[in-house]
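Throughout, read-outs are computed from the coordinates displayed, never taken from laboratory work. Because the structure is a prediction, the values reported are computed rather than measured. Glycine also receives a Cβ, built like all others from the backbone with ideal geometry; neighbour counts cover every protein chain displayed.
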Amino acid sequence: MLAPLGRKGARFVRSCGPSASVPLVPVMRRPRNGWGPHRPPNWRRRSADIAAYLYAADSFHDVLLRIAQTAVSTVAGCQMASITVSEQGVYRTAATTDLAASAVDQAQYDADEGPCLDAVDTQIVYAQSFPDTRWPTLASRPADFGAQSAASYSLAGASLATAGIGGSLNTYGIEPDAYSDEAQQIGLILAAHASTAAGAVRERGALQDLTQNLNQACCPETSLARPRGS
């Protein structure tokens, strides 16, 4: 259902879709206080595993869901995550790991403000707790749904921008100030992987659609409708 709200002339779509369980993504949970000055010895391999997991998605929706799931499995302090997508002036929650995360997103859409909206145009937006003076209308609504803090990251790959698509990765903590500086940096790295992977998967899907259309144009008999009753 479209809600005629007005952030930069956009309309907002009510968050939808079932919550999804988090799969066994091949990444490690980081300590709350970070790893200190040294990464674990297999960090590069884990980072490569994340990239491979994202690129293996078979659709644009699937890669967005994998991004959210990976955030929960990877970013210390993140208990639930979602993806906000902006396309053709419409904002919506396109993937979520928990219905509560969708509710937090929706509270921001209704208030026409909040970290998930600001992060569409900003690399990272961190809210240590709610309420936050930056979003007086939003007030403590996120906390009502269990989000005591939030870190949102821009999803702004070149191919997505070319297609007129923007978005944000939204991570929510159940404690105030749930994200250490290092956890926020891990989120930035994940968002960079995610932006590239989402653009690549979307382009791959578009190329597959184009190939199918060309095949049907060249071989129309393959697209003939079956006789009635077959």
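Dividing the mean sequence gap of close Cα pairs (under 8 Å, 6+ apart) by how many residues the range 119-198 holds gives a relative contact order of 33 percent. Here the alpha carbons of the range 71-167 define both size measures, Rg and Dmax, at 12.8, 37 Å. Projected label points at ALA51 and ILE174, each 7 Å from Cα along the beta carbon direction, are separated by 3.4 nanometres.
Each Cα pair under 8 Å and six or more residues apart adds its sequence gap; the mean of these over the residue count of the range 72-131 is a relative contact order of 22 percent. Residues whose amide H comes within less than 5 Å of that of GLN79, counting only those at least five positions distant or on another chain, are TYR172, GLY173, ILE174 (H built at 1.01 Å from N in the peptide plane).
Ranked by the mean number of other Cβ atoms within 10 Å of their residues, highest first, the peptides 60-66, 75-81 come out as 75-81, 60-66.
Ordering GLU87, GLU175 by the number of other Cβ atoms within 10 Å of each residue's own Cβ, fewest first, gives GLU175, GLU87.
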